[in-house]
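Read through the structure below, which is laid out as structure tokens, and then see the notes.
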Amino acid sequence: MDNIVLTFSNIEKVNEFDSITVLFERANKNGFDFAEGKLPNNIFYKSYGFSEDELMELENYLLRNSFLIWEIAREQRGGISILEQCERSKGG
């Protein structure tokens, strides 16, 4: 999957547990496809434009890279991460 951008929030307290809101976006001819979810759950609660197979791929991506996302969120106190930046960080 190409041209997908991952952004994520600061670490948030939800019911006394840490979580991070994640958002994958991809431009399309009418705007954007998106998938929004939470770590550590690794599930999406809102999405538009991604197929079920693509959502599964994105969930797998979160599973494989959640440690890195948590680390960046802790170091930078949240922020924006481009999917390619995550891929570079793991040597991909």
TODO: Please give the number of the condition GLY49 fails out of (1) at negative phi; (2) at pLDDT 95 or above.
DONE: (1)
Task: Among residues of the range 36-58, those that are crowded, with 17+ Cβ neighbours inside 10 Å and under 19 Å from LEU68 (Cα atoms), counted - done: 5
Open item on the list: Looking only at residues that are among the aromatic types (Phe, Trp, Tyr) and crowded, with 17+ Cβ neighbours inside 10 Å in the range 1-32, which one is modelled with the highest pLDDT?
Closed with: PHE24
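Is it the case that the range 36-46 has a residue that's small (Gly, Ala, Ser) and more than 14 Å from TYR61 (Cβ to Cβ)? Please lay out each step first, then the result.
We begin by selecting, within the range 36-46, every residue small (Gly, Ala, Ser); these are 37.
Keeping just the survivors that are more than 14 Å from TYR61 (Cβ to Cβ) gives none.
Within the range 36-46, not a single residue is small (Gly, Ala, Ser) and more than 14 Å from TYR61 (Cβ to Cβ).
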Open item on the list: Among the residues of the range 59-92, what is the count of those that are at pLDDT 90 or above and exposed (fewer than 14 other Cβ atoms within 10 Å of the Cβ)?
Closed with: 5
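The values are calculated or read from the model by the stated rules, or taken from the named source; none is laboratory data. Worth saying up front: this structure is predicted, and the values here are computed from it rather than measured. Glycine gets a Cβ as well: all are built from the backbone with ideal geometry, and neighbour counts include every protein chain shown.
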